[in-house]
Every structure is written in C-alpha cells, then in structure tokens.
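What follows is a single structure, written as structure tokens, with notes after it.
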Amino acid sequence: MVKKIAFIFAWLVFFVAALLFFAPKVNLYYLLEKELQKLHVVIDNETIVEHPFGLELEHADVYAEGIRILKVMELHANVWLLSNSIEAGQIRLDGVAKSFLPTKIEQAAVHYALWNPLYATFEAKGEFGVLQGRVALKERKVFLLLHPSDYMKRHYAQLLGEMKKNKEGGYTYEQSL
C-alpha cells in the first residue's frame with residue numbers, strides 16, 4: 001500500500017514538474033502585458049529569455065500613462081507552483097518619481113507562497129536603505145518597514161515625516177489599495 005501511494009505521489013510530482021517545464025511562459029508573459037495595458041502600464045524594449053522554470057527580462061522600460069517611470073536592467077521570474085518569486089536588479093526610477101524618491105534600487109524581490117495565499121512579501125535595497133513589506137491581498141493593504149540610509153535621511157526627510165518612526169530606528173507605513 002505504501003509503495004502504491006509513493007508511486008502515485010512520484011507520478012504526480014513528475015506531472016506537475018513537466019507541466020511547469022513545458023508551460024508557454026513567454027505567452028503567459030504577453031498575457032500579463034495585455035492585462036497591464038488595461039491599467040495603462042506598458043513594458044517596452046525588453047529582451048525575453050525563457051528558462052525551464054522561469055523567465056528572464058533584460059533592459060525593460062516601464063511606462064505608466066505614457067510616461068517612463070522606471071528602467072529594469074534584469075528581472076528573473078521563477079515559478080515553482082508552491083512558491084513563486086520575482087527578483088529584479090539595477091532598477092532606475094524616472095519621470096515624476098525622481099522628484100520625491102531616491103532613483104537607484106540595487107535589488108528588489110517579491111515572493112508568493114501557496115501555503116500563505118493571503119499575503120505576498122517583498123524586499124528591496126537601494127539608495128533609500130532597506131525596505132521590507134507585505135501586501136495583504138484579501139484586505140487590500142500594503143505594509144512597509146523602511147530602514148533608511150543616511151542619504152534618505154538627508155535628502156528625503158519630508159517623505160520620512162509621512163511615516164511612523166519605530167523604536168529600532170525604522171519607519172513604518174500602511175496604505176489601503
């Protein structure tokens with residue numbers, strides 16, 4: 001009986017892995033782009049490289065309402081069904097964002113796990129310092145925890161004033177979507 005259950009489980013794992021391996025990831029990416037266009041967000045000039053369990057974008061320009069808001073030099077999306085992640089590097093903010101946010105983001109990552117389906121977590125590191133947060137999908141809220149760099153404290157004190165300071169020297173922010 002145990003052998004039969006192990007055999008069925010092994011076939012199930014193989015089937016799911018094969019499904020992820022052979023899924024048309026580029027087509028799914030284009031479907032995502034189409035959905036983003038409904039929100040007036042366009043990703044342009046990107047180079048797409050498909051991997052067995054993910055997708056890689058290079059040199060992507062992101063536009064909102066026709067204005068370039070950021071450039072992403074590299075982005076890796078990994079789909080493992082139970083745990084998915086998007087990791088980006090060398091992000092530069094443009095346009096209006098330059099006036100009220102630091103423009104250089106070294107790394108950013110978003111993680112979503114099936115065992116915690118109501119939350120997506122993210123983290124970023126850049127000129128601003130270290131940012132951690134989560135999105136409560138059901139409640140439609142974003143929670144941020146920022147440990148600001150000295151650069152952020154000197155040049156963006158007004159923005160930090162909009163956030164709550166905690167005992168450890170970090171700043172928190174909560175916003176409904």
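Computed quantities for the displayed model
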{"quantity": "Among residues of region 145-173, those that are of a type in the set (A, V, I, L, M, F, W, C), open to solvent by 40 Å² or more (accessible area, probe 1.4 Å) and closer than 16 Å to PRO102 by Cβ, counted", "calculated": "2"}
{"quantity": "Exclusive hit being over 29 Å from SER176 (Cβ atoms) and among the aliphatic types (A, V, I, L, M), set LEU70, LEU57, LEU118, LEU93", "calculated": "LEU57"}
{"quantity": "Per-region count, region 95-106, residues surrounded by 15 or more Cβ atoms within 10 Å (Cβ to Cβ) and assigned to a strand (DSSP E or B)", "calculated": "1"}
{"quantity": "Condition broken by SER176, with the remaining ones in (1) surrounded by 12 or more Cβ atoms within 10 Å (Cβ to Cβ); (2) in contact with a strand residue (DSSP E or B) (Cβ under 8 Å, 6 or more places away or on another chain) satisfied", "calculated": "(1)"}
{"quantity": "Every residue from region 160-177 that is among the aliphatic types (A, V, I, L, M) and in contact with a helix residue (DSSP H, G or I) (Cβ under 8 Å, 6 or more places away or on another chain)", "calculated": "LEU160"}
{"quantity": "Options PHE122, PHE143, PHE100, PHE128: the member that is over 20 Å from the mean Cα position of the chain (by Cα) and of a type in the set (Phe, Trp, Tyr)", "calculated": "PHE100"}
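The values are calculated or read from the model by the stated rules, or taken from the named source; none is laboratory data. Just so we're clear, the structure is a prediction, and the values are computed from it rather than from any experiment. Cβ: placed from backbone, ideal geometry, glycine included. Neighbour counts: every protein chain shown. With ligands, DNA and RNA removed, areas are computed over all heavy atoms of the protein, side chains included. Shrake-Rupley method; radii C 1.70, N 1.55, O 1.52, S 1.80 Å.
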